[in-house]
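Contents: one structure, followed by commentary.
The values are calculated or read from the model by the stated rules, or taken from the named source; none is laboratory data. Please read all numbers here as calculations on a predicted model, not as lab measurements. All Cβ positions, even for glycine, are placed from backbone atoms using ideal geometry, and neighbour counts span all protein chains on display. Heads up: the accessible areas ignore ligands, DNA and RNA and are worked out on the full protein's heavy atoms, side chains in. Shrake-Rupley method; radii C 1.70, N 1.55, O 1.52, S 1.80 Å.
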Amino acid sequence: MSLPNGPYNPQQNEDEILKYWLENKFYKPEYSPVKDQVVSTEEMKADPREPFSIICPPPNAYGRPHLGNISGYAYQDAMGRYARMKGKKVLLLPGKDHAGLEGEGVFVRDILEKKGVDKFSLSREEFYNQIWKFNMQNKELALKDEQTIGLSADFDRDIFTLDPKIVEIVLSTFIEMFNQNMIYKGVRIVNWDPKAQSVIADNQCVREERKGKIYRIKYPIVDDNNQITGEFITVATTRPETMFGDTAIAVNSTDERYTNLVGRKCLIPLTNTIIPIITSPRVEKEFGTGCLKITPAHSLDDFTIMTEWNQANQANQISYCNVINKDLTLVGPVPSKYLGRKYTDVLPEILSDLKSGEYLISEEELVQNILIAERTKAIVEPIMSSQWFIDIEKIRQPVIDMVKNGDVTIHPKNMEAKFFYWMENLRDWAISRTLWWGYRMPVWYAGPIEERIDNNGKVETFINLNNEWVVLDSTSENHLKVQLESPGTNWIQEESVLDTWFSSGQWPYATLMVNNLMDTFYPTSVMETGYDILENWVSRMMMFSYFKLKKEPFKDIYLHGLVKGTDGQKMSKSKGNVIPMDQAKEKYGVDPLRMVYFYQNSAGASYALTYEKLEMFKNFNNKIWNASKFVLGNFEKNNIQYSIPALDSLRLENSKEIFNHITDVKQKVTKFMDTFKFGLASSTLYDEFWHNFCDKLIEQSKVYLYTQKNKDTGEFISEPKPEELQETVNIFVYALKEYTKMLHPFIPFITEKIWQELPKVEGDHKTVMYSKW
RNA sequence: GGGCAUUUAGCUCAACUGGUUAGAGCACCUCGUUGACGUCGAGGAGGUUAUAGGUUCGAUUCCUAUAGUGCCCACCA
């Protein structure tokens, strides 16, 4: 019943205690604190204790969790530990993420390219096997880190996002959605890498400054009978070659120079194509001529203007017209002399034809930002392509209502605005991705497919059936089937994989279904994650949960702030402001590291992780350690029998003061814990323990413990009275026990160590983890 | 450009959602410390709560405007 001399040694204690927790399987919901053993899952389910569950956001499997992930673990764990002490059966479910695009990128960059291997020299299967192995090896390290930090999750249930059982659930949802007509194949603008001959994602592109030219071109205005009136509208463009794909001219509605032209029509020079003049708030009056030619097929901005216009003007919709093919030749409604030739070759001819027709007014030099493919360095060509979409109309409002009705509460509350803004402005969600590392779509074609551009610049998908190309009909089972297994040897699976969020959006129920725990733990209690993925991830989980189960996936959303580096800047290795976890653990211990995340922090607020703060909480741990040594030392030395004190049986005013102090602190901290105010809970504990309990209450109690002597003369004054001494030490032990429990969710290791040495009474558990709050 | 935050001591942040004298840690100054203290304690200095208005008996807190900073989204024809 005593603690070793000297300062607290976190390294030694943490290993010891972690082993104790893991061996006793305290982390499992099946652990019964009454029987002190693991019971069957069925018995756990029948246990009337209230369930509490958190599905831990899975970190990337390819690497070790960074201090941002660990921040999340600290919060998830604190909630879990608090719930356990409140007598709930607790499940914290851990997992690891394959991290689609990023996971594939890291593997290609750090492994394949270092070995000089090109991704495309491997078959898809080979590639998948290699990256799978790579992830399996690395995820063990991640798991170890989670344990080290004290995350009290049920590690037997740790699961990978590409686990076959999860895959089956995720893909079944795709099939259900397809059968309910919520998934469709549509046409959308994409980034085309002409060198790799593949669609690439936004973050596989980089911007580069290049010198280019901007041309001013006159478009003749026509009247209602499509006759040229002699008026013109002048646009500025850097890409005259896309003019055959123009489907409108846009001006800003507040631009008085053009109000008389809005709603009229004009002619694309060198063609017979008539296009309307529309308005868009995105057009800047000051840039160029203030008139923008809209080429939705070859400019993301124009594509956006088109979708916005069409949404607001149902009766006057404009369309797209794709005039650049995947081999960079011109296609579609293009004058025949240019058709089928590379646009770069044709451009000078187009310019000279414009000049001779007196359409070209001027050309100027200009520095522009061009999109470049990161890997091949090719100029990215925006073109139209078929993609798979989810129609979100049916799920939008129910998900908004979850928050409005209070079924789901977002902490901090001000993030609700962000959430509503996102949900209300959400458009149909494009879910196909050109990757190999992920969930390949369960779509099967009866033959090879090919995308073509027709004479009007429209994208059409053809399928080859019995050596004949026909237009793909995605509603016909003769052309296309959506199912898990291949329908037969001649059927060809869709190349694309699903967007990562399509699978991670199903993570809460998928993981619980795999474990057959839906009945007990769904909806889960809290979703704890960083505020930066509220929109991308949290909203998706709610959408899928509504679609599949018609209920919310979790009751509360706690969004922690992002961890910044030692200099207060965004943490990044290149800036050198990152504290490595191993170093923090070695030098300060896990408890101080965890404490940094909580202390004085509030939901959604970012904060810096500094050595100064680690030092501060290392000192705090040491203070706790020393106070405990003091209390336990006196307890042992004086041979005290511990009993829980009651206020009205206390004789000393001093004892009453301590008793009331504990009651007061406990009430405050409980309130903070229940309202997700972990910053206030932890700082209250820090301040009260150190500056009130230690500095004042313990100090003033010493008269009851020691022989009093005159300071100057050394003359004897009084001897401690045994009854007073007994009561004082007893109340110290009581206070220390309560503090140990209250501090445990935040700093679990040192509190467990101290708890082991404290005298127990009826109702106490052998581990502080299951001791009653 | 749109959205969301944020601005409090030299630095890093609190202030429990309108109520005594705005609090901690680090740094600084002065004392003290041989019975818990890899240190700690007592005390001190340091603030017109970004600026300007407004609401209120009362504003760090609510409202408006301005300026600075950060993040997310969209981006130059």
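Descriptive notes on the structure:
- Rounded to the nearest 20 debye, dipole of chain A from Cβ charges on Lys, Arg, Asp, Glu: 860
- A straight chain from A:M518 to A:D301 at 0.36 nm per residue would run longer than the Cα-Cα distance by 73.7 nm.
- Scattering from chain A was approximated by placing one identical point on each alpha carbon and applying the Debye formula without solvent; log10 I(q)/I(0) at 0.10, 0.11 1/Å stands at -1.08, -1.22.
- Segment A:26-48-segment A:56-115 distance, computed between alpha-carbon centres (Å): 25
- Percent carbon-and-sulfur accessible area, segment A:656-773, ignoring ligands, DNA and RNA, probe 1.4 Å: 50
- Of all aspartates and glutamates in the structure, those lying under 13 Å Cα to Cα from A:K213, and not within fewer than 8 positions of it along the same chain, are A:E241, A:E363, A:E364, A:E365.
- Placing unit charges on the Cβ atoms of the charged side chains and taking the dipole of chain A about its Cα centre, the candidate lying farthest along the positive direction among A:W690, A:M85, A:I305 is A:W690.
- Using alpha-carbon coordinates, inclination of helix A:124-148 to the longest axis of chain A, degrees: 30
- Take the Cα of A:W422, go 7 Å toward its beta carbon, and the backbone nitrogen atoms of segment A:527-544 under 12 Å from that spot belong to A:529-543.
- For chain A, the mean residue ellipticity at 222 nm estimated from helices alone is -11000 deg cm²/dmol, where every DSSP H run of n ≥ 4 contributes -39500 (n - 2.57) and the total is divided by all residues, rounded to the nearest 500.
- Remark: segment A:649-659, residue by residue, has Karplus-estimated 3J(HN,Hα) of 9, 7, 9, 7, 4, 4, 5, 4, 4, 5, 4 Hz, where x stands for each Gly or Pro and the curve is 6.51 cos²θ - 1.76 cosθ + 1.60 at θ = phi - 60°.
- Greater than 22 Å apart at Cα, pairs in A:K119/A:K377; A:K337/A:K458; A:K668/A:K772; A:K96/A:K394: A:K96/A:K394
- Ranked by the mean number of other Cβ atoms within 10 Å of their residues, highest first, the peptides A:648-661, A:522-535 come out as A:522-535, A:648-661.
- Too-long pairs where the Cα-Cα distance tops 26 Å, listed order kept, from A:K115/A:K342; A:K555/A:K613; A:K666/A:K760; A:K86/A:K618; A:K25/A:K548; A:K35/A:K623: A:K115/A:K342; A:K555/A:K613; A:K86/A:K618; A:K25/A:K548; A:K35/A:K623
- Shown is the FRET efficiency for A:E719 and A:Y642, computed with R0 = 25 Å from the Cβ-Cβ distance and rounded to the nearest 0.05: 0.60.
- Based on protein heavy atoms only, chain A ends up with 44 Å² per residue of surface accessible to a 1.4 Å probe.
- Extension gain (nm, one decimal) between A:K587 and A:K337, 0.36 nm per residue minus Cα-Cα: 82.6 nm
- Atom-type composition of the exposed protein surface of segment A:361-401 places 52 percent of the accessible area on carbon and sulfur (1.4 angstrom probe).
- Relative contact order for chain A, counting Cα pairs under 8 Å that sit 6 or more residues apart, in percent: 15
- Leading residue at positive end of dipole, segment A:1-122 (Cβ point charges), from A:V108, A:A46, A:N24: A:A46
- Phi-derived couplings, Karplus 6.51 cos²θ - 1.76 cosθ + 1.60 at θ = phi - 60°, listed residue by residue for segment A:480-489: 8, 10, 10, 6, 5, 8, 4, x, x, 5 Hz, with x used for Gly and Pro.
- When a 1.4 Å probe is rolled over the protein heavy atoms, the share of accessible surface on segment A:24-130 that falls to carbon and sulfur comes to 52 percent.
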